[in-house]
Amino acid sequence: MMMMSNRMKPAWLEGLMAETFFGGCGVHENRRKNEKNVFCLFCCLSICPHCLPSHRSHPLLQVRRYVYHDVVRLGDLEKLIDCSYIQPYTINSAKVIFLNQRPQSRSCKDSANNCFTCDRILQDPFHFCSLSCKVNHLVDQGEDLSAILYRIDESDFAFSQFEGLRMDSSEIIDDEGQITPSSILENPLQYRGSSCSSDIMGSSGTAHEPKVLKKKEKNGFLQGNFFSLSSRRKGSPHRAPLS
């Protein structure tokens, strides 16, 4: 595939940032486990696991999810485009990049370091919070995108990387039809409070594990915090005095 020699976005990049992932596949709408979590770099569209055989000879990129937003492993994305100055996040021991900017409750312009495009607070030395923020900033500045694009090596995105994943395997989707950590990087905690703070991200961009609360017993008390009446030690019986 030839790289674009001007500031226009190549078709695969435009499609990757614009496609909708993790919805049901229209082609396989009657099949189970039909969430679209793979992007075909040749056809520039999102596909589901059932579509993979039809794209056997095409370069394929797996898309994952974190807190309801699409992410791609940094190791995969940096083979396609220069990801420098995009803030990565370490989730489940994997570094990932958000594909698009995320909604914010208010502006963070007063912070020391903000995304050049959407003003989200970032850690030094990063300038962008997502792939789209970097690409759109360069386009707006009239920069030549060919300087950050790499020629696609199809062997890096071969169909063989998906051959070990069966349609009924938990490696793709579990029995309840939900994406598992191998293809979705989901933290059950949502962002809380202001979007200007790293609500669930540590100082290194690492997602914290949610706190585990003690499970309540059926009677509404926390285990170990009450005494059962049935376990109370009974005293010796006393007989009434003889008259």
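Numerical summary
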read-out: Residue list for the stretch 34-46, restricted to those being touching a residue at least 24 places away in the same chain (Cβ under 8 Å) and within 15 Å of Arg65 (Cβ to Cβ); value: Glu35, Asn37, Val38, Phe39, Ser46
read-out: Residue match in the stretch 75-82 (condition: modelled with pLDDT under 95, outside any strand (DSSP E or B) and touching a strand residue (DSSP E or B) at 6+ places or on another chain (Cβ under 8 Å)); value: no
read-out: Selection from the stretch 101-155 of residues that are under 23 Å from Gly15 (Cβ atoms), open to solvent by 60 Å² or more (accessible area, probe 1.4 Å) and over 19 Å from the mean Cα position of the chain (by Cα); value: Asp140, Gln141, Glu143, Asp144, Ala147, Tyr150, Arg151, Asp153, Glu154, Ser155
read-out: Filter pass, Phe98 being surrounded by 17 or more Cβ atoms within 10 Å (Cβ to Cβ) and over 14 Å from Leu13 (Cα atoms); value: no
read-out: Tally of residues being assigned to a loop (DSSP other than H, G, I, E, B) and over 18 Å from the mean Cα position of the chain (by Cα) across the stretch 35-51; value: 4
read-out: Residue in the stretch 90-99 that is among the small types (Gly, Ala, Ser), assigned to a loop (DSSP other than H, G, I, E, B), on the phi > 0 side of the Ramachandran plot and at pLDDT below 90 present; value: yes
read-out: Matching residues, the stretch 28-51, being more than 26 Å from Ser132 (Cα to Cα) and open to solvent by 40 Å² or more (accessible area, probe 1.4 Å); value: Glu29, Asn30, Arg31, Arg32
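Quick grid of which residues meet (1) open to solvent by 30 Å² or more (accessible area, probe 1.4 Å); (2) free of Cβ contacts under 8 Å to residues at least 24 places away in the same chain; (3) in a helix (DSSP H, G or I):
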{"site": "Gly26", "(1), (2), (3)": "yes, yes, no"}
{"site": "Pro53", "(1), (2), (3)": "yes, yes, yes"}
{"site": "Ser57", "(1), (2), (3)": "yes, no, no"}
{"site": "Leu61", "(1), (2), (3)": "no, no, no"}
{"site": "Arg65", "(1), (2), (3)": "yes, no, no"}
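The values are calculated or read from the model by the stated rules, or taken from the named source; none is laboratory data. Since this is a predicted model, take the numbers as computed values, not measurements. Quick reminder, even Gly has a Cβ in these numbers, built from the backbone with ideal geometry, and neighbours come from all protein chains shown. Protein only, heavy atoms only, side chains kept; ligands, DNA and RNA dropped before computing areas. Shrake-Rupley method; radii C 1.70, N 1.55, O 1.52, S 1.80 Å.
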